[in-house]
Amino acid sequence: MKTYYRAAAALLISSLHLSALAAVTAQLDQDRISLGESVRLIVEHEGNTHRQPDLNPLKQDFDILSRSSGSSIQIINGQMSAKNQITLILSPKHEGRIRIPALEWDGERSTELDLTVGSAPPAPSAQGTPNEEGKPSANAQHVFLSSTVDQKHPYVQAAVTLTIRLYTDRALYEASLELPPSNDVVAQPLGKDQQTTEVRNGKRYQVIERKYLLFPQKTGQLKLAGPVLNATMPDSNSPDGNDSIFGSIFGNSPLAGMINATRPIQLRGNAIVLNVQAHPSSSKGNWLPAQHVTLEDSWLPDTLTVHVGEPIVRHLNLSAVGLPAAQLPDVSALMSLPADIKIYPDQPKLENTVQNASVVGRRQHDVALIANKPGKYQLPAIHLQWWDTTHNIQREVVLPGRTLNILPGSSNSANITAQAPQNPTPPNDPTTGSKAGSDTLAASTPSLSTPPPESSSSKYGIAALVPWHWVSLTLGTLWLATLAAWWYNTRRRRSLQAQLISNDSQSNLPNSLSVSEARQSFQQACRANHPQNARHALLTWASAAWPHHPPAGLNALAQRLDDSQVKALLRELDRACYTSVTWDGKALASALTKLPVEKKVATGKPQLGSLYS
């Protein structure tokens, strides 16, 4: 009898164990896919549970693109049964035979499954042709990416053109193609996407081509993550899954994707490897790697003749093929000026255009020169060194030297200057005299009434008056210079305010920058030690971060940030923009990496929120 009960108990325990093993099941909708496609995994749990399955074992080999869950309750012949279901869309991270591990759910485990992931086709090197029968190859893939660079051994900070091509024979909905960011490379989009068609492996593909400019910031081998495509596409297992391409790949209405059964996909392109070379030992001056550089100037007035205190404007135009405008140096900092000439730079104008699959950066800059003494002043030639990346050779562009003819400020000041030697003693030493000077003065100014020579008081009175004439002339000149400087500063502030207003009201302009783009330009200008570029990029960044309340200048920005270290560094930047001192931007780039982002509150007034990251 005891043996009977023991056998029954063992049978009951065994049946309960088998039931527990069967409580969690897992199944795939297909066991073979191509790399870049997705697979649906359905996991079911029999019985009531309030817990969720542990999905961490899947993350080693898969990206989980989407997840949905549901539950159901059935009552049959008075018996109630419950079922919970999790549906996962998985994108494999690599090709080959992948084992889906057993998943644990509320103490129970599912069975293991196998999935075969096919490799992507070879990267296209030329347009493919259909086979003889006009049928697609059995291993042809529906969607795949290719990426190429125009050079694999660039110089540091030199431009590299990256071309990404997306091939698809199916409609893609809500598609986005992104290049992951990198701390070692600055990436900028180049031009607009191009759409073509191509036949490969017997299939006709739509091809989307997108270009980027890459600027490596450090030497050595750099391995960058490849492009990533996120989209939804028709489900190949549904009856409508093989429809032809409907409309454009990018920009399709999400409604189109809702008509037929779809599933998300995530496709990662191959990594991009660059072997970055250091500056050549033969390079000189500023490191300026480009394909071609031109430097021109023009003058207003073009006669190069003005009066004392009047500004003469020099327009500098620097352009480079293969470099964005933010990397171009301030040519006005290379000007060597005489001590009696002051420089007042205006805000530079930066512009980027696309030419022959490359960027052309242009930096236009107006500087005003004001002399406080008459005479002829020689301005030396400007020599700008740059590195020809096409022929690997050092080159130079030169602006020839100029002669400025500065006339006296006015007719009255001219007479004062001419009459000064009339006194028998020079103005700076009334104790010595010069008869030749007195004779010259009498001949040149017969209208002047000369006091009797026997009047000693009159003799020393003339000597006392002459220095005051020079003081008046100097004060007048300084006043004119101050007035001109005020005029140019006012003009610069109005120009900046107009630009900020224009950017705020016309955010779709090609030259407008996002917060991240402006921040990258600011960091790049700091690394290149270009104060004017850094100031312009920083104010653009602040304008993008605070579109409803942009700071009017560096002082307003410093007050808003309320950081003593940043305030001191901003004062150094502002001082460097208007002087010829050498500026090191590394400290500012390190101290200023984030700006508070403007947020809207219930009152409608802009407030500063969390820091941008």
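The values are calculated or read from the model by the stated rules, or taken from the named source; none is laboratory data. Computed from a predicted structure; not experimentally measured. So basically every Cβ, Gly included, is an ideal-geometry build from the backbone, and we count neighbours across all protein chains shown. Side chains are part of the model used for accessible areas, which takes the heavy atoms of the whole protein and leaves out ligands, DNA and RNA. Shrake-Rupley method; radii C 1.70, N 1.55, O 1.52, S 1.80 Å.
Some points to look at:
- Probe 1.4 Å, all protein chains present, accessible-area order of His279, His391, largest first: His391, His279
- Computed with a 1.4 Å probe on the full set of protein chains, the accessible area for Glu351 sits at about 60 Å².
- Accessible solvent surface per residue of the stretch 278-328, calculated while the other protein chains remain in place, 1.4 angstrom probe, Å²: 41 Å²
- Shown in residue order for the stretch 76-84 are the 3J(HN,Hα) couplings computed by the Karplus curve 6.51 cos²θ - 1.76 cosθ + 1.60 at θ = phi - 60°: 10, 6, x, 9, 9, 10, 10, 9, 10 Hz (x for Gly and Pro).
- Stretchable slack from Arg97 to Gln221, in nm (0.36 nm times residue separation minus alpha-carbon distance): 41.5 nm
- Per residue, in Å², the accessible surface of the stretch 153-196 once ligands and nucleic acids are set aside, probe 1.4 Å: 44 Å²
- Solvent exposure, largest accessible area first (probe 1.4 Å, DNA, RNA and ligands not counted), of Met80, Met233: Met80, Met233
- Among the listed pairs Lys567/Lys594; Lys152/Lys218; Lys211/Lys284; Lys284/Lys567; Lys223/Lys586, a Cα-Cα separation exceeding 22 Å is found for Lys211/Lys284; Lys284/Lys567; Lys223/Lys586.
- A probe of 1.4 angstrom, applied to the heavy atoms of all protein chains, finds Val313 with accessible area near 30 square angstrom.
- Residue (of Leu177, Ile164, Ala225) at the positive-pole extreme of the stretch 154-228, dipole from beta-carbon charges: Ile164
- Averaged per residue, the stretch 338-390 has 45 square angstrom of accessible surface, using a 1.4 angstrom probe with ligands and nucleic acids left out.
- Within the accessible area of the stretch 47-91, the carbon and sulfur atoms contribute 43%, probe 1.4 Å, all protein chains present.
- Phi to ³J(HN,Hα) by Karplus 6.51 cos²θ - 1.76 cosθ + 1.60 over the stretch 98-104, Hz, x for Gly, Pro: 10, 9, 7, x, 5, 9, 8
- Cut-off under 5 Å, modelled amide H: who pairs with Trp287 long-range: none
- Extreme residue, positive dipole direction of the stretch 267-330, given options Ser281, Thr294, Leu316 (C-beta unit charges): Ser281
- For the stretch 307-368, the carbon plus sulfur part of the accessible surface works out to 47%, probe radius 1.4 Å.
- Label positions at Gln394 and Glu209, each projected 7 Å from the Cα along the C-beta direction, are separated by 3.8 nm.
- Estimated FRET transfer efficiency (Ser516, Thr582; beta-carbon r; R0 25 Å; 0.05): 0.30
- Centre separation in Å (Cα based) which lies between the stretch 537-597 and the stretch 54-115: 52 Å
- Ranking of Ser521, Ser281 by solvent-accessible surface, largest first: Ser281, Ser521 (1.4 Å probe, protein heavy atoms only, all chains present).
- Note on Arg575: accessible area approximately 140 square angstrom, rounded to 10, probe 1.4 Å, nucleic acids and ligands left out.
- Rounded to whole Hz, the Karplus (6.51, -1.76, 1.60) HN-Hα couplings of the stretch 328-339, x for glycine and proline: 7, x, 7, 5, 4, 5, 8, 6, 9, 10, x, 5
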